[in-house]
Amino acid sequence: MQTVTIPSQDMEFLVGKILCIGRNYVDHIQELGNEVPTAPVVFSKPASSLIHNGDVVVIPSMSAQCHYEAELAVLIGDGGKNIPESQALAAVAGYAVAIDMTLRDVQDRLKGKGLPWDIAKGFDTACPLSDFVPTECVKDPQDLTITLSVNGEVRQQGATSLMINSVAKIISYLSSIFTLEEGDIILTGTPAGVGQVVAGDTMVASIDGVGSLTIGVTQQSF
């Protein structure tokens, strides 16, 4: 079973659901040529997709186009059902840096056939995640800057203030569909600048006041 930690509080959580929000920044929607959604776009990753700082993403042999998407991650502490937006941030135990790894060619091929694209988002190593910081370290989750570099070159830099759906709104919306439980993790979407990585690359994702995450890349050889 996978666990995540808030080291400063010596707390460990058993990971439950990993719920992810797509198309939550207009500039990212535009760069992929998608339509702006009328409601949050939700998908999930299995807990088995988690890796941590210093680990390596393994691109499956089925894919020749693996993309990074740096995001703010939210850890649920006190969950519930139908949480009002005004009370949603009280459900948060901590924040972390995540990279939503995506097999873009696999995703596009499956979407084109009208099929689910879980494997493009949920393969082993598809969810690099830093340790969490407690909520008191983040005064406002809508006032953060997400940055990702590849081999020392900045590729992504965006402000969480540009989210279409705020963290509070996301939590409230998700809780209307899924009962949120302690240990659930929410990935809140990525700003513009997503792109491909290949074997030998090193990614560094960071959010000021939250943390950083260094991840290598390799390609499955069979």
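The values are calculated or read from the model by the stated rules, or taken from the named source; none is laboratory data. Note that the structure is a prediction, hence the values are computed from the model and not measured. Neighbour counts are summed over all protein chains in view; Cβ atoms, including those assigned to glycine, are modelled from backbone coordinates with ideal geometry. Surface areas here come from the heavy atoms of the whole protein model, side chains and all, with no ligands, DNA or RNA. Shrake-Rupley method; radii C 1.70, N 1.55, O 1.52, S 1.80 Å.
When Lys121, Lys111 are screened for being at pLDDT below 95 and basic (Lys, Arg), only Lys111 passes. Taking the conditions exactly as written (buried (at least 23 other Cβ atoms within 10 Å of the Cβ) and within 25 Å of Ser8 (Cα to Cα)), does Cys66 satisfy them or not? No: the conditions fail for Cys66.
Table: residues versus (1) of a type outside the set (A, V, I, L, M, F, W, C); (2) under 19 Å from the mean Cα position of the chain (by Cα).
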residue: Pro7; (1), (2): yes, no
residue: Asn53; (1), (2): yes, yes
residue: Gln87; (1), (2): yes, no
residue: Val92; (1), (2): no, yes
residue: Thr102; (1), (2): yes, yes
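Is there a residue being hydroxyl-bearing (Ser, Thr, Tyr), at pLDDT 95 or above and more than 19 Å from Ser49 (Cβ to Cβ) anywhere in segment 182-194? Checked segment 182-194: no residue is hydroxyl-bearing (Ser, Thr, Tyr), at pLDDT 95 or above and more than 19 Å from Ser49 (Cβ to Cβ). For Met203, the conditions (1) surrounded by fewer than 18 Cβ atoms within 10 Å (Cβ to Cβ); (2) in a strand (DSSP E or B); (3) touching a Phe, Trp or Tyr at 6+ places or on another chain (Cβ under 7 Å) all hold with the exception of (1). Could you tell me how many of the residues in segment 165-208 are of a type in the set (Gly, Ala, Ser), touching a helix residue (DSSP H, G or I) at 6+ places or on another chain (Cβ under 9 Å) and under 10 Å from Ala70 (Cα atoms)? Final tally of qualifying residues: 3. Filtered by the rule that a residue be open to solvent by less than 70 Å² (accessible area, probe 1.4 Å) and assigned to a strand (DSSP E or B), segment 9-26 gives Phe13, Ile18, Leu19, Cys20, Ile21, Gly22, Tyr25. With respect to being touching a Pro at 6+ places or on another chain (Cβ under 9 Å), among the acidic types (Asp, Glu) and closer than 17 Å to Ile185 by Cβ, Asp55 fits the description.
Only one entry in Val150, Val167, Val217, Val197 is farther than 15 Å from Val57 by Cα, among the aliphatic types (A, V, I, L, M) and modelled with pLDDT of 95 or more, namely Val167.
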